[in-house]
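This report refers to the structure that appears directly beneath it.
What follows draws every value from the coordinates through simple rules; no lab data is involved. Everything numeric here is computed off the predicted structure, so don't read it as measured data. No Cβ is skipped: glycine too gets one built from the backbone with ideal geometry, and neighbour counts run over all protein chains shown.
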Amino acid sequence: MTAPAVSRENSPRKDSPEASGTPPYRQVGSYALARGLPGIINFFSLILYTHLLGPESFGEYALAISTVSLISTVGFYWLELGLVRFYTAETTRHSILPTVLRAFFSASVVSTGLSISAALYFGIAPPLLSAGIALLLAQSWHNLQLQLSRIQLRPGSFAKLSIARAIIAPCAASILISLGLGAKGLLLGLAIGALLPTISAIKSTWLPASKGRASRELTKSLLRYGSPLTLIFALRFIITSSDRFMLAHYLGASATGTYSAATELAGNTLGFITNIIQLAAFPLIIKAFEQGGPEHAGGVYKCNMSLLLTVTLPAAAGLALLGPQIATVFFPSDFASEAAILLPWSAAGALVAMIKAVGFDTAFHLTKRTDHQLVVVLLAALLNVLLNWFFIPRNGALGAAQATLITHLLALVASLLVGRRLIRLPFPFRDSLRAAAATAAMVIALLPTLAWQGAALLGIQVAIGLAVYFAAGAALGLPLFRTLLSRKPILLSN
């Protein structure tokens, strides 16, 4: 399927979502299933892995997955970004898929060679190396297919890929771990889960693309656009994962395991919420900008930010407030006590990071000035290493969480200040205050219940929090709740 070309002559109607700033609720509703169900499965899969592996083995897995993420970012992420940014352009729509396919194979060869070289240098065991490379290639291929479904505005296809991966991966990983493969089994299970759902797309999409002609000029354009972003995400790796390697250095793999479990729970919970919004809204923001410039993009962006704050503020507050209960219910005893302390800090750090990445960093993408974003992230990465070096020897895993939160706060401020020099996008001040007030009402309602313990009572606490927040949000007139109360449910399409 080829997306229709867009141009400034084909400007959006005044009553269109791009022009009016109407939130992309239909797309968000579709991606809610595409990300929501896998998010729930991944949440419980994380809990399952902590029970199957224990802190030390889980720490080994956390270090391995961080390394895979870094190599995947450097080797492949520029392709994903370029596919999203250039797919709808009239001049590249016929050559984009053949070009991306050939570039993917080239990146696979280079990334595999780099992985082997690094493994030989650091003395990584061949079985762990093989499992890591399998996950690297399978995950990168899966992510590329997800981005294609996203830019083609096919949330149904996106949902099938995401849900299939979420179901297959923990099943395969559990079997392999039970066979005694430990962290290697978990990596291989994740690789199987990423690869199998993409096989059907090879015949329908990529075999025809393999017969097309790749464009050297388009490859250069992809590199020019994606290379700064690749460096940005590699530096983000330092911010999000250097603490794990430094914890392993100072305190051992066991400390890394408990810290990773807490940070992944917070990050995955907030991450799948923000991904739902970003997957739906970002292509619409890009399209509105290409068709009508900053004015049209500003309306969609403002609605996106309003929706983002509406759903992430109460989620982060709930994780922070109920952290001890959540850790006790879901984690085994050798994880729970440390995770209970870390969850509030991890939730706050994840919230700030996602508001920056999904919200304020949009200015760099619209203006294609990712070099400015690179400076911001570079400074943040250097700061994070210094803060970890200072805090971890003194406060252990808690120090790592504190260093991460401080880094994200300063990076958000820097992104806001630099981004506004490039393009001024409207911020939903009124909606943010309403969301904060509704969140405060939820927190006040939950304070008398903090002594409750157990899974059943935790479920009641969550229900109370949701009910109070919904009632307060509706009373305060948050747009999301006005829409939910006035429209029919949105079903998955395509």
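By the Kirkwood approach, averaging reciprocal distances over each pair of separate Cα atoms, region 148-242 gets a hydrodynamic radius of 16.4 Å.
Segment A437..L466, full-extension length gain: 9.0 nm, with 0.36 nm per residue of separation and the alpha-carbon distance subtracted. Pairs from the list K203/K368; K160/K211; K160/K356; K220/K356 with a Cα-Cα gap above 31 Å: K203/K368.
Identify, among W389, L379, Q461, the residue whose Cα sits farthest towards the positive end of the charge dipole of region 367-494, taking +1 on the Cβ of Lys and Arg and -1 on the Cβ of Asp and Glu, with the dipole about the Cα centre. Working it through, the farthest residue towards the positive pole turns out to be L379.
Since only G298, I133, L231 are under comparison, the one whose Cα sits farthest along the positive direction of the charge dipole of region 28-486, derived from C-beta charges on Lys, Arg, Asp and Glu, is G298. In this calculation the C-beta distance from L196 to R420 is compared with R0 = 45 Å, giving a FRET efficiency of 0.50.
Among the DSSP helices (H) of the chain, those spanning at least 24 angstrom by Cα along their long axis with an average Kyte-Doolittle hydropathy of -1.0 or more are 25-86, 96-122, 126-151, 155-176, 216-251, 253-292, 294-321, 333-355, 370-422, 429-446, 455-476; this is a geometric and hydropathy rule only. Rounded if a/c is under 1.5, else prolate if a/b beats b/c, else oblate: with a ≥ b ≥ c from the C-alpha gyration tensor eigenvalues square-rooted, which is region 275-381? Prolate.
Calculate I(q)/I(0) for the chain by the Debye formula, one identical point scatterer on each C-alpha and no solvent, and give its log10 at q = 0.06, 0.08 Å⁻¹ to two decimals. Treating every Cα as an identical point scatterer, log10 I(q)/I(0) equals -0.26, -0.48.
The Kirkwood radius of region 248-288, taken over pairs of alpha-carbon atoms, gives through the Stokes-Einstein law at 20 °C and 1.002 mPa s a diffusion coefficient of 173 µm² s⁻¹.
The length gained on full extension between L484 and R216, counted as 0.36 nm times the residue separation minus their Cα-Cα distance, comes to 91.7 nm.
Residues of region 126-156 with an amide N closer than 12 Å to a point placed 7 Å from the Cα of I116 along the Cα-to-Cβ direction: 130.
Under a model in which nothing but the beta-carbon of Lys, Arg (+1) and Asp, Glu (-1) is charged, the chain shows a dipole of about 1520 debye around its Cα centre. The Kirkwood hydrodynamic radius of region 100-218, based on inverse pair distances between different Cα atoms, is 15.6 Å.
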